[in-house]
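Notes follow once the structure below has been shown.
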Amino acid sequence: MKRKLKKIALVFFLVFVAIQFYQPKQNISNSFDIGKNFANNYNVPPSVLNSLQIACYDCHSNNTKYLWYDYIQPARMFVETHITDGKKELNFNEFGSYSNRKQQSKLEAISKQIKSGEMPLSSYTILHHDAALNETQKQEIITWINSIKENSLSKN
């Protein structure tokens with residue numbers, strides 16, 4: 001029985017070592033169209049932008065700040081899946097390329113998901129404690145988004 005367990009442990013160890021050689025392309029871009037960037041399309045207060053960058057940008061932009069454990073498989077695959085899914089849903093670096101209607105829809109979704117606590121994901125904030133938004137930060141973001149919506153309605 002011990003011999004069988006040793007063989008199983010050896011196989012798991014070899015698989016673990018082998019998957020370390022698979023490293024997906026990092027989500028790091030040194031060049032992007034500054035005109036499409038979220039902060040350049042809206043007059044974002046520094047405190048709101050800072051909160052969004054800390055809580056959202058790792059998964060919702062073209063630049064992720066990887067931590068040491070993000071390079072170890074299978075965690076890396078898990079992280080890359082979150083980033084890919086996050087960027088499909090919302091990319092702050094591409095925000096200016098969205099239609100006005102889509103931008104308004106995304107702002108509304110940001111507000112709702114922050115208000116409900118859906119975002120940032122709890123699986124993210126467990127390891128990134130600074131990304132957990134406190135009530136003041138949440139209210140600041142939601143109030144700012146509401147002011148953007150009011151301004152766009154008054155222009156129409």
Write out, first by first residue and then by second, each pair whose Cβ atoms fall under 7 Å of each other, whose residues are 6+ apart or on separate chains, and whose first residue, in region 90-102, is assigned to a helix (DSSP H, G or I) while the second is of a type in the set (Ser, Thr, Tyr) and at pLDDT 90 or above.
PHE92/TYR57; PHE92/SER61; ASN93/SER61
Taking region 103-135 as the search range and keeping residues that are among the small types (Gly, Ala, Ser) and part of a helix (DSSP H, G or I), which one is surrounded by the fewest Cβ atoms within 10 Å (Cβ to Cβ)?
SER116
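Residue by residue, here is whether (1) part of a helix (DSSP H, G or I); (2) at negative phi; (3) under 14 Å from the mean Cα position of the chain (by Cα) holds:
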{"residue": "PRO24", "(1), (2), (3)": "no, yes, no"}
{"residue": "HIS60", "(1), (2), (3)": "no, yes, yes"}
{"residue": "HIS82", "(1), (2), (3)": "yes, yes, yes"}
{"residue": "ASP85", "(1), (2), (3)": "yes, yes, yes"}
Residue list for region 74-93, filter: farther than 17 Å from THR125 by Cβ, at pLDDT 85 or above and surrounded by 18 or more Cβ atoms within 10 Å (Cβ to Cβ):
LYS87, LEU90, ASN91, PHE92, ASN93
Can you confirm whether LYS88 is among the basic types (Lys, Arg) and under 19 Å from VAL44 (Cα atoms)?
no
Whichever residue in region 35-51 is in a helix (DSSP H, G or I) and within 16 Å of TYR98 (Cβ to Cβ) and, among such residues, is modelled with the lowest pLDDT
GLY35
Check region 26-34 and report whether any residue there is open to solvent by 70 Å² or more (accessible area, probe 1.4 Å), outside any helix (DSSP H, G or I), of a type in the set (Val, Ile, Thr) and touching a residue at least 24 places away in the same chain (Cβ under 8 Å).
yes
The residue that is farthest from the chain's Cα centre (by Cα), considering only those in region 38-58 that are open to solvent by 60 Å² or more (accessible area, probe 1.4 Å) and within 13 Å of ILE148 (Cβ to Cβ), is ASN43
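The values are calculated or read from the model by the stated rules, or taken from the named source; none is laboratory data. Because the structure is a prediction, the values reported are computed rather than measured. All Cβ positions, even for glycine, are placed from backbone atoms using ideal geometry, and neighbour counts span all protein chains on display. Calculation scope for accessible area: heavy atoms of the full protein, side chains included, ligands and nucleic acids excluded. Shrake-Rupley method; radii C 1.70, N 1.55, O 1.52, S 1.80 Å.
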